[in-house]
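Undergrad: There's a structure below that I have some questions on.
The values are calculated or read from the model by the stated rules, or taken from the named source; none is laboratory data. Just so it is clear, the structure is predicted and the values come from calculations on it, not from any experiment. Cβ placement follows ideal geometry from the backbone for every residue including glycine, while neighbour counts extend to all protein chains displayed.
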Amino acid sequence: MELNIVMVEPEIPQNTGNVVRTCAAIGANLHLVYPLGFDISDKYLKRAGLDYWDKMNIEYHDSLDEFLAKYPPEENNMFFTSKKAKNVYSEVNYKDMDKIFLLFGKETKGLPEDLLQKYPDKSIRIPMREGLRCLNQSNSVAIVSYEAQRQHGFEELEKASKYFDKEGN
């Protein structure tokens, strides 16, 4: 499976750095959609991403419109994450999909409303208690992307620890 994490106009460098680490760990491609709320050379971004920058693919897009023109939602398995969505992320059957795009909006506003209204069946949410604003963006990326990986049996990921033998010692 090819997993693509798309961060639309991210604002907080530490979140993006953490997403870099998650993408590197699971072999996902990262798409960054401008404008960014920080400079790509930001020290907090680099520190949060540790030394994983060279272990992954990053594609940059000048705008959300440019990204959607290159990867049309109608032709791709694309999911838009938002607390305003009706579908729960874990109810999607990712197992039969060879290529998946998971979009996450900017920390302060999320994804554009018109996008969610245009694709209500492709909009997904992470359940949480009523009255709370949202989860941290990098946590949301990890939750949803690991569900897609789980449904694919964690293909190409190390499932056994090298620190324990088969008996758990």
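Undergrad: All but one of (1) modelled with pLDDT of 85 or more; (2) in contact with a Gly (Cβ under 9 Å, 6 or more places away or on another chain); (3) among the small types (G, A, S) hold for A48, so report the exception by its number.
TA: (1)
Undergrad: Can you tell me which of (1) out of contact with any helix residue (DSSP H, G or I) (no Cβ under 9 Å at 6 or more places or on another chain); (2) at pLDDT below 95 is the one P35 doesn't meet?
TA: It is condition (2) that P35 fails.
Undergrad: Follow-up question, since we're still on this one. Of everything in the stretch 121-153, what is among the acidic types (D, E) and at pLDDT below 95? Give them in sequence order.
TA: E130 - this is the single residue of the stretch 121-153 that is among the acidic types (D, E) and at pLDDT below 95.
Undergrad: Oh, and also: Count, please, the residues in the stretch 117-142 that happen to be within 16 Å of F104 (Cβ to Cβ) and touching a Ser or Thr at 6+ places or on another chain (Cβ under 9 Å).
TA: Number satisfying all stated conditions: 10.
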